[in-house]
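The values are calculated or read from the model by the stated rules, or taken from the named source; none is laboratory data. In this text the structure is predicted, and so the values were computed from the model without any measurement. Because the Cβ atoms are built from the backbone with ideal geometry, glycine has one as well, and the counts that use them run over all protein chains shown.
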Amino acid sequence: MSKADELKRQAAAKALELVEPGMRLGLGTGSTAVQFVELLGARVAQGLDVIGVATSERTRVQAQSLGIPLADLDDLPELDLTIDGTDEFDPDLRLIKGGGGALLREKIVAAASRRMVVITDASKAVKRLGKFPLPVEINRFGAEATRHLIAREAAAAGSNGPIALRKDAAGQPFVTDGGHYIFDCAFGIIPAPEDLAARLSAVPGVVEHGLFIGYARAVISAGAEGVTIYGSLA
């Protein structure tokens, strides 16, 4: 296991301490969430009684392979706790998510949860959001028109930079689990995250954006000095 994966596993292990019998859990997507689901599967094998809602098909397949009971969000519209990773976070616990392409389902699940706790390694901490390109999930119809509107609204919020259609390994447009495209917006430092989030949400064609503002109750970050908690785990 690489050093980075070891740190992610430390954060995941700390998050696992929050899980109690009978909980309804949102299961995140990404390399750090993979560690949490693996650890959770071991606990379930030992008799822990929980039920999960996966934020992506990848997570669903992993959870099923580990014997973690799953349900649809339509069956469990209210969750106790979601554990998910992030691409970056700032001191106000604002996040950029969506590098793995699951931002829409991740945000729906987070919104349905009483608590969202983020697990990550210390490299994802930033003073100001924008080091990681902001993913924006869009409807495939009129993609180029939507790109222009995103650029216009982003500029009005003080954010400018290349907006690239995400491609898969074969060089084709990446398609999300929901059948949408993703634009990766390399804006650099985002001076007004709340304003940008509101403007992007109002663009016809934008399905969801990767700014998660007001969702995370806490961030568990593992680094060389150990595990640091930002926010409250309560």
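Take Leu134 and decide whether it is farther than 22 Å from Ala102 by Cα, among the hydrophobic types (A, V, I, L, M, F, W, C) and either assigned by TED's automatic domain parsing to the domain that holds Thr32 or at pLDDT 95 or above (or both).
no
Could you check region 1-103 for strands (runs of 3 or more DSSP E) lying wholly inside it with 1 or more residues that are surrounded by fewer than 19 Cβ atoms within 10 Å (Cβ to Cβ) and in contact (Cβ under 8 Å) with a residue 12 or more places away in the chain?
In region 1-103, 51-54, 79-84 are the strands (runs of 3 or more DSSP E) which contain 1 or more residues that are surrounded by fewer than 19 Cβ atoms within 10 Å (Cβ to Cβ) and in contact (Cβ under 8 Å) with a residue 12 or more places away in the chain.
Restricting attention to region 162-179, does a residue exist that is within 19 Å of the chain's Cα centre (by Cα), in the same structural domain as Leu25 (by TED's automatic domain parsing) and surrounded by fewer than 15 Cβ atoms within 10 Å (Cβ to Cβ)?
The answer is no; no qualifying residue exists.
Let me confirm something: among Ala143, Ala110, which residue is of a type in the set (A, V, I, L, M, F, W, C), closer than 20 Å to Ala202 by Cα and in contact (Cβ under 8 Å) with a residue 60 or more places away in the chain?
Checking each option against the conditions leaves just Ala143.
Can you find a residue in region 82-101 that is under 14 Å from the mean Cα position of the chain (by Cα) and more than 26 Å from Ala224 (Cα to Cα)?
Scanning region 82-101 turns up at least one residue that is under 14 Å from the mean Cα position of the chain (by Cα) and more than 26 Å from Ala224 (Cα to Cα).
Take Ile182 and tell me if it is buried (at least 21 other Cβ atoms within 10 Å of the Cβ), touching a residue at least 24 places away in the same chain (Cβ under 8 Å) and closer than 15 Å to Leu134 by Cβ.
The answer is yes for Ile182.
Tell me which residues, restricted to region 112-143, are of a type in the set (A, V, I, L, M, F, W, C), surrounded by 22 or more Cβ atoms within 10 Å (Cβ to Cβ) and out of contact with any Phe, Trp or Tyr (no Cβ under 9 Å at 6 or more places or on another chain).
Residue satisfying the conditions is Val117 alone.
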